[in-house]
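J.: I have a structure here, written as structure tokens, and I will follow up with some questions on it.
Please treat every number below as a calculation from the coordinates, not as lab data. These figures come from a predicted structure and were not determined experimentally. Neighbour counts are summed over all protein chains in view; Cβ atoms, including those assigned to glycine, are modelled from backbone coordinates with ideal geometry.
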Amino acid sequence: VLELGLIGGADIKDTGWRILKQTIKNNLAKTVNWRGVNGKTSFQSLELKSVVTEAVRRNPLCANATELEVERVIRRWFLLAGDLEGGRKRRKLITEDMQDNTSVKTCNGHYNTSLESVSRQ
């Protein structure tokens, strides 16, 4: 807790995100959520939750952070874990690639991505 508390941050969100990023790698973060639904591990039941909360409070700017405020930051961080380390960009590229493979240029120069139009042309 003492070492994590030295990470610092501008506010509760910034401090929480910095601590979580330092303690949990992206691949692990994708397998965890707050309540443990959908076959994921529950963060709320882990001792690490208390460690993160206390580490956030070690930042003088966050000394009065409530459990709820820190919980909201943690929940949001896990919700967006798939976007960390280029995850969003990677998904966008895959989607664009899939669209390129299923698009057909029509006679007016527009692209039509419906499979029905592909079978008619």
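J.: Pop out the ³J(HN,Hα) list for segment 53-65 in order, Karplus 6.51 cos²θ - 1.76 cosθ + 1.60 with θ = phi - 60°, rounded to Hz; leave Gly and Pro as x.
T.: 4, 5, 5, 4, 5, 5, 6, x, 6, 10, 4, 9, 5
J.: Here's a follow-up. Which whole-Hz ³J(HN,Hα) couplings does segment 25-35 yield from phi under the Karplus relation 6.51 cos²θ - 1.76 cosθ + 1.60, θ = phi - 60°, glycine and proline marked x?
T.: 6, 4, 4, 6, 4, 5, 9, 10, 9, 4, 9
J.: A further question follows. With a point put 7 Å past each Cα toward its Cβ, work out how far Thr23 is from Leu2 in nm, to one decimal.
T.: Going from the Thr23 label point to the Leu2 one covers 1.7 nm.
J.: Just the C-alpha atoms of segment 34-83: what Rg/Rh do they give, with Rh taken as the Kirkwood radius?
T.: Expressed as Rg/Rh, it is 1.01.
J.: What are the ³J(HN,Hα) values, in whole Hz, obtained from phi via the Karplus relation 6.51 cos²θ - 1.76 cosθ + 1.60 with θ = phi - 60°, for each residue of segment 69-76 in sequence order, with x given for Gly and Pro?
T.: So the J values, rounded to whole Hz, are 4, 5, 4, 4, 5, 4, 4, 5.
J.: In addition: Taking amide H positions as placed 1.01 Å from N in the peptide plane, with prolines and chain starts having none, which residues 5 or more places from Val32, or on another chain, fall under 5 Å of its amide H?
T.: Thr41
J.: With only alpha-carbon atoms in the gyration tensor, what are the semi-axes of the equivalent ellipsoid for segment 1-92, in Å, largest first?
T.: Semi-axes from the Cα gyration tensor: 22, 15, 11 Å.
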